[in-house]
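Chemist: Let me begin by handing over the structure; questions about it come next.
No lab work stands behind these numbers, since they all come straight from the coordinates. All figures in this text were calculated on a predicted structure; none of them were measured in a lab. Positions of Cβ are backbone-derived with ideal geometry, glycine not excepted, and every protein chain shown enters the neighbour counts.
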Amino acid sequence: MKSRLTRYFASAAIIFFLSIQSVAAQVVPVSLDQRVANSPIIAIAKLVEQESYWDDKRANIYTRNVLEIKAYLKGASPDNIIVAISPGGVVGNHAEYVCPSETYQPNTDYLVFLKDNESKTDDKSYRTAHPGIRQCLSYAGMQSVLPYQEGVYKDLLAELPMTEEQLLNRMKTSYRLEAKHPDGKKVYGKNIYSRIITAVIISGQYY
């Protein structure tokens with residue numbers, strides 16, 4: 001019985017690995033140049049609320065990712081909230097899984113590349129309650145959502161990881177895009193490595 005279970009889980013793991021490999025092979029890298037040029041909205045934001053819903057025809061499920069804006073790089077607005085719509089989700093006992101697709105996790109900053117305000121697949125009930133908040137689709141699926149992890153923004157297919165300071169410098173020097181808070185104030189990127197070095201020097205633990 002034990003060997004049978006072992007074979008079952010081993011087979012399941014192989015199938016899962018092969019499916020992941022297949023998905024990766026289907027994703028065509030979109031350069032940063034393309035994403036910057038073709039995304040009306042580029043921002044650094046954090047997930048604060050998430051809920052899935054049916055579309056108007058009750059044919060597909062989407063997820064409403066409510067993002068709190070830390071900085072706009074393009075498509076600036078006084079609004080500090082924006083909604084990123086992603087395909088798939090769970091509503092009651094119905095689930096729809098789309099792969100590859102963008103994913104958002106709580107307490108994580110993201111660099112997002114978004115299209116203009118969406119009116120076909122938006123959450124109509126949320127639109128009624130919050131008519132002034134933009135609801136947007138991503139420009140390039142999973143490549144439109146770069147998570148800030150371990151001190152860097154990770155772009156798995158097209159770019160090397162960048163600290164926030166490096167990212168904002170790249171945006172400014174290459175694309176003339178300056179990061180600004182919704183209130184218009186300039187935003188300076190955090191650099192976790194600089195903070196670590198400074199802390200070590202202050203504590204006297206350097207060699």
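Chemist: Return the tail of the calculated pair distribution for the stretch 19-172, meaning the percent of Cα-Cα pairs more than 23 Å apart.
Modeler: Pairs farther apart than 23 Å: 36 percent.
Chemist: Take the alpha carbon atoms of the stretch 107-153, find their center, do the same for the stretch 71-102, and report the distance between the two centers in whole angstrom.
Modeler: 4 Å
Chemist: If the limit is 23 Å between Cα atoms, which of K46/K74; K124/K185; K120/K186; K57/K124; K46/K185; K115/K190 go over it?
Modeler: Beyond 23 Å: K124/K185; K120/K186; K115/K190.
Chemist: Quick one: 3J(HN,Hα) in Hz for the stretch 114-119, Karplus 6.51/-1.76/1.60 with θ = phi - 60°, rounded, Gly and Pro as x.
Modeler: So the J values, rounded to whole Hz, are 10, 7, 6, 3, 9, 10.
Chemist: Ok, one more. Sequence-distant or interchain residues sharing an amide H contact under 5 Å with N60, placed H: which?
Modeler: Amide H neighbours of N60, under 5 Å, 5+ apart: D55.
Chemist: Taking θ as phi - 60°, what are the ³J(HN,Hα) couplings along the stretch 95-105 by the Karplus curve (6.51, -1.76, 1.60), each to the nearest whole Hz, with x for Gly and Pro?
Modeler: Values per residue, Gly and Pro as x: 9, 10, 10, 10, 9, x, 8, 6, 10, 10, 10 Hz.
Chemist: In addition: Would you work out the charge dipole size for the stretch 100-186 about its Cα centre, treating the Cβ of every Lys and Arg as +1 and the Cβ of every Asp and Glu as -1, and quote it to the nearest 20 debye?
Modeler: 360 debye
Chemist: Quick one: 3J(HN,Hα) in Hz for the stretch 167-179, Karplus 6.51/-1.76/1.60 with θ = phi - 60°, rounded, Gly and Pro as x.
Modeler: 4, 5, 5, 5, 4, 6, 6, 8, 10, 6, 10, 10, 6
Chemist: A further question on this structure: Can you compute the equivalent ellipsoid semi-axes for the stretch 115-161, i.e. the square root of 5 times each eigenvalue of the Cα gyration tensor, sorted largest first and rounded to whole Å?
Modeler: 29, 12, 7
Chemist: Once you have all Cα-Cα distances for the stretch 69-158, histogram them in 10 Å bins from zero and send the whole-percent values.
Modeler: Values per bin, smallest distances first: 14, 44, 35, 7.
Chemist: Okay, next question. Order 105-117, 146-158 from most to least packed using the mean count of other Cβ atoms within 10 Å.
Modeler: With the highest mean Cβ count within 10 Å placed first, the list reads 105-117, 146-158.
Chemist: Long-range amide H contacts for V187: which residues qualify at under 5 Å (H placed 1.01 Å from N, peptide plane, sequence gap of 5 or more or a different chain)?
Modeler: For V187, whose amide H was placed from the backbone, the distant partners under 5 Å are A179, K180, H181.
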